Amino acid sequence: MQELSQFPGETLKVLFPLTPHAHRLIADALGWHEAQPLLNYIESHTNCLQSVGQMLDESSMFGVVDIEEVRALLARVPKESARMMLSLFVEAGIHKEICYQVSAIAGWNRERVAKGIKHHSQVAIACLGLLPLERGDEEVLERYLRLREIEGMAHKFGPQRRVTHKQAAYEGMRNLARLADYADTTLMEWEMEARVARDRSPEGRRWQVSAYSITLRLDGIDISLDIERDGRLLKSVPKEVRASAVYQEAKEAVQLLRDQLKRLRTNLLEMLVASEKILTVGELQNLVRLPLARKLLERLVMVSGENMFGLFDGERFVLQDLDGSLHPITQPVRVAHSYSLFQAGVLTAWQREIICRKIVQPVKQVFRELYILTPAEREAVAFSRRFAGHWVRGNIAGSLLGSRQWRLQEYDVCFKTFGTIQACVELSQASYYEGFIVGQPMLVGNIYFRSTVRSYERMWEESKKYIPLGEVPPLVFSEAMRNIDLVVSVAQIEDQQMLFCSSEVYERRRELLQALLDDLSLAGVTLDGHFAYVQGKLARYRVHLNSGAIHIEPGHYLCIVPQNWGGSHPQLFLPFADKEDTRLSEIVSKILLLLEDDRIKDESILRQIRSHI
């Protein structure tokens, strides 16, 4: 100690973060005796994350920090020495994450956090939720919206970075919920979304510009502005209105709601359908307070108790079954997955009901692709080769997987965590260090599942302990396969005449087309295998349910390329708001067009048909 005291203070400060074995000695030499508890906390927190035998936690990038514990600790430590200690660790890159978080809780690094966020620093993003609040609830809402904005920037990055960027935003949200004394992140999210709708963009909000009135209209999943003059609805925006500051304010209100709609669909509803998360009566009541969430939930089938399925009615707080009977909600409910509807034997009935009522579901539910374990997979025990052997483009596959929270690890394996289960797919040529190489083909291999509860000490051995496919929860299995199916279908390398499409996708498309045809009372269409056979007035046609290719029977190709597939036909209706499946709307449009081939006006199409009759 005496020898250390002879060194200049600046020299000791440089040495301090770089000599782990001498941290306490140097701290004493610097006169930081009372800061030892903070040093102990920093080291123990880091050791906990890195210790051999520590259970892996995929839900946290930087470790969970107890805000109250840190505040109590800092209250016992001299401010000057604490700030210096934290600053030295951060600048040296030692214990950086925990020191960054402790400084944020104390409010000592506001400028550093702000600067870090501008440069997309993930630890800075997570720390935005830890900075002390100065303006109460209004500041909580501002930070919530800022974190949502940051989350939306993930699309600018590559597949691997996109996932970690979103995770950092989620950790910022979780920290903010703790800081603002919410029981959990979900409750904070729902309350913040309700405040956005109530305070900033309430349904029916009105503005006035001279003789024109502007009204915010919320119609299901459509959000728009109605502009009236003398009680008459105008089809276009007058120049006087367009140039006004009031109109710009109204447009901002619309954008806020559209952003909220996107968040609810992608963050909440997709999760509720994919996982069948249980909603307590209280949680559902809180959701109903949010007007947009209520309108979206009323388009989904819920299940209560022992297979009591029904459409949600938010006003009466009941479920309405297929017979029209009303069942009060007095116990927890779930948003039904297509697997549950299938197992209960009511999937087809609910598909017809949704079509009959012309309900556009905010996410795919009753027509959601369903993947059931096959006998071959059951015999294989641990590995599924359902999509093995397909070559896909690395950049497209990476984009699709990254947007669905799949992450790349070493040994050409991509994984996604479902609670305590990790779904894994082998993608040869993918590199942990280089990510998904642009233009680099990748070969899809085995799909398997393993537990996320394993230790570092036995990682190599336990990584070989796969969960038998028959023991994987059906919803986890189906959702994992659905993601990989999408990748193989969209990112495949087109070296064959016919693009790949799984039997599950064909089945859902046949079910949807049959329900649409029954609802429209249209005869003349037969669905068989991969084709729809259409009997028109002039000829008989065969439409492929994946490519949309049309042949005049027995085998003459018919080229039809209208300007706007999916939106021009007056009878076209799809029961979900999923814009990714544009090919399906094209196929439906073609079938409806061919049924009335005698009314086709395009001479180029008619010449092709007549030449082969």
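Read-outs throughout are calculated quantities, based only on the coordinates presented, and are distinct from any laboratory measurement. Being a predicted model, the structure only gives us computed values, none of them experimental. Using ideal geometry, Cβ is built from the backbone for each residue, glycine included, and neighbour counts are taken over all protein chains shown.
Quick look at the values:
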| quantity | calculated |
| --- | --- |
| Extension gain from A22 to Q343, taking 0.36 nm per residue of separation minus the Cα-Cα distance | 109.2 nm |
| Directionally averaged shadow of the chain, computed from the convex hull of its alpha-carbon atoms, nm² | 35.1 nm² |
| Helical contribution to [θ] at 222 nm, DSSP H n ≥ 4, -39,500 (n - 2.57), averaged over the chain, rounded to 500 | -13000 deg cm²/dmol |
| Magnitude of the charge dipole, region 285-370, Cβ model with Lys/Arg +1 and Asp/Glu -1, debye to 20 | 360 debye |
| Most positive-pole-ward Cα, Y339, I467, V381, against dipole of the chain from beta carbon charges | Y339 |
| Cα centre as origin, Lys/Arg/Asp/Glu Cβ charges: the chain dipole, Debye | 1320 debye |
| Cα long-axis angle, helix 159-179 against the chain (0 to 90 degrees, to the nearest 10) | 60 degrees |
| Inter-label distance for R242 and H551, nm, one decimal - labels placed 7 Å from Cα along Cα-to-Cβ | 5.0 nm |
| Per-residue Cβ neighbour rank within 10 angstrom, fewest leading, R368, R258 | R258, R368 |
| 19 Å tail of the calculated P(r), region 297-386, as % of Cα pairs | 44 percent |
| Relative contact order, percent, the chain [alpha-carbon distance under 8 Å, six or more residues apart] | 9 percent |
| Spatially proximal lysines relative to K601 (Cα-Cα < 25 Å; intrachain offsets below 8 disregarded) | K537, K590 |
| Distance violations [Cα-Cα > 31 Å] among K13/K416; K118/K262; K166/K239; K13/K115; K13/K156 | K13/K416; K166/K239; K13/K156 |
| Semi-axis lengths (Å, descending) of the ellipsoid that matches the C-alpha gyration tensor of region 143-224 | 32, 18, 10 |
| Charge dipole (the chain, unit charges on Cβ, about Cα centre) - positive-most of C414, L88, L297 | L297 |
| Degrees between helix 394-403 axis and first principal axis of the chain (Cα, 0 to 90, nearest 10) | 80 degrees |
| Rounded, prolate or oblate (a/c below 1.5 giving rounded, otherwise prolate when a/b exceeds b/c) for region 2-195 by Cα gyration tensor | prolate |
| Total charge dipole magnitude, region 2-195, about the Cα centre, Cβ charges on Lys, Arg, Asp, Glu only, Debye to nearest 20 | 620 debye |
| Protection-proxy order for peptides 373-380, 543-550, 467-474, each taking the mean of Cβ atoms within 10 Å per residue, highest first | 543-550, 467-474, 373-380 |
| Among 92-104, 334-346, the order from most to least packed when residues are scored by Cβ within 10 Å on average | 92-104, 334-346 |
| Mean Cβ neighbour count within 10 Å, used as a protection proxy, ranking 599-606, 516-523, 123-130 highest first | 123-130, 516-523, 599-606 |
| Degrees separating the helix 582-595 axis from the principal Cα axis of the chain, which is the longest one | 10 degrees |
| Sorted by Cβ density within 10 Å, fewest first, the residues L595, L401 | L595, L401 |
| Given charges at Cβ of Lys, Arg, Asp, Glu: the chain dipole, positive-most of I117, I600, A515 | I600 |
